[in-house]
Amino acid sequence: MLFTDRPLRLGTRGSPLALAQAHMTAQALRAAHGWAMEAITIVTVQTSGDRIQDRALAEIGGKALWTKELDRALASGQIDFAVHSMKDVETLRPDAFRIAAMLPRADVRDKLVGVDGFDALPANPIVGTSSPRRAAQVKRLRPDATITLFRGNVATRLAKLAAGEVHATLLAAAGLDRLDQQDVGTLIPIETMLPAPSQGAVGIETLAANRPMLAALDAINDVDTCDAVLAERAVLRGLGGTCHSPIAALAVVDGDGLFLRAEIISPDGTETVREEAHLPRGDAAAAEAIGRMLLDRASPALRALFEP
């Protein structure tokens with residue numbers, strides 16, 4: 001144990017999915033180190049992103065809405081480490097914090113919920129999502145679709161769908177799997193909808209100066225997941241991407257390197273710019289260059305989405 005006088009405190013958001021991911025993390029640590037159940041306690045921290053549900057993230061502060069309260073709890077010593085869905089972690093993080101480990105990645109694909117396929121949607125369908133990427137990809141597949149803002153946890157979104165607010169919605173397969181709702185929705189092939197950068201990955205963060213905690217977390221780090229996700233996040237840095245920007249990226253282990261695919265899409269789905277490349281593991285500069293290449297090939301209108 002790192003501390004003999006008290007359990008380690010793991011901070012998490014309070015949604016069912018976040019809590020499931022926190023319990024996964026705690027169990028992985030207990031198993032890796034032979035710790036007892038009481039060695040780790042889970043501390044729920046409410047975030048702005050959970051409180052504000054009626055507006056798009058891009059309008060109210062972006063991805064920091066999922067992290068800033070957990071950051072504050074880490075900095076103040078209220079918690080020792082925190083668990084995040086990596087796709088909710090902003091691209092540039094303060095130097096005081098470090099993503100020390102990532103759990104093995106789950107299914108990266110999206111699921112279409114409400115109908116069996118995009119062809120099964122009625123004419124002029126209403127599709128609910130809060131993701132600019134998913135919205136643009138839906139418009140690319142179904143130009144007649146109307147996109148409506150759909151925020152909230154999985155249960156909230158499914159309830160809105162069941163109430164008939166929309167014809168369909170999209171959810172991450174990983175989240176449904178972790179909530180034991182594998183039967184919900186239809187998997188969408190990666191070739192149809194490339195996922196968000198870091199989709200399906202769970203990251204564990206602590207203070208960069210907390211060496212004992214960093215060492216403990218290193219024991220549960222999945223290197224393949226970490227290398228792939230860091231490459232995808234490097235693409236985001238190359239793009240300067242924000243929550244306004246429809247971006248998709250996926251890196252997979254390929255031999256002793258990575259195969260990286262990335263795309264940016266106009267919000268109406270009419271323009272898609274794609275790049276793919278084989279990269280050495282850990283070559284952040286090469287991954288960032290992919291992001292810049294996408295911008296170089298984009299129309300002025302699409303490129304403007306990525307300007308600060």
Just subtract the alpha-carbon distance of SER76 and ASP224 from 0.36 nm times their residue separation and send over the number in nm, one decimal. 50.1 nm
Relative to the longest principal axis of the C-alpha atoms of the chain, give the angle of the C-alpha long axis of helix 284-297, reported between 0 and 90° and rounded to the nearest 10°. 20
Over the Cα atoms of segment 1-46, each weighted equally, I'd like the Debye log10 I(q)/I(0) at q = 0.29, 0.32 Å⁻¹, rounded to two decimals. -1.05, -1.16
The answer for ASP110, listing residues at least 5 apart or on another chain whose modeled amide H is closer than 5 Å to its amide H, is ALA173, ILE188
Taking the beta-carbon count within 10 Å as an exposure proxy, list SER76, SER131 from fewest neighbours to most. SER76, SER131
Which order do VAL202, VAL223 fall in if you start with the one that has the fewest other Cβ atoms within 10 Å? VAL223, VAL202
Of all beta bridges DSSP finds with both residues in segment 110-187, what is the antiparallel percent, to the nearest 5? 55
Surrounding net charge for GLU276, when Lys and Arg each add one and Asp and Glu each subtract one, Cβ distance under 14 Å: -2
Jot down the per residue volume, in cubic angstrom and as a whole number, of the convex hull over the alpha-carbon atoms of the chain. 130
For the Cα atoms of the chain, what angle does the longest principal axis make with the long axis of helix 132-141, in degrees from 0 to 90, nearest 10? 30
Starting from the alpha-carbon convex hull of segment 69-130, give the projected area averaged over all orientations, in nm². 6.8
For segment 110-187, what does the relative contact order come out to in percent, with C-alpha contacts under 8 Å and a separation of six or more? 48
Evaluate the distance, in nm, between pseudo-label points positioned 7 Å from the Cα of GLU191 and of ASP268 along their respective Cα→Cβ axes. 2.9
In degrees rounded to 10, the 0-90 angle between helix 64-76 Cα long axis and the longest Cα principal axis of the chain is 10
If each K or R counts +1 and each D or E counts -1, the residues other than ALA106 whose Cβ falls under 14 Å of its Cβ total -1
Proxy reagent accessibility, fewest Cβ within 10 Å first, across ARG281, ARG133: ARG281, ARG133
In terms of the ratio Rg/(2.2 N^0.38 Å) built on C-alpha atoms, what value belongs to segment 233-304? 1.08
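All of the numbers you see were taken from the coordinates with simple rules; none came from a lab. Quantities reported herein were computed from a predicted structural model and do not represent experimental measurements. Note: ideal-geometry Cβ built from the backbone for every residue, glycine included; neighbour counts use all protein chains shown.
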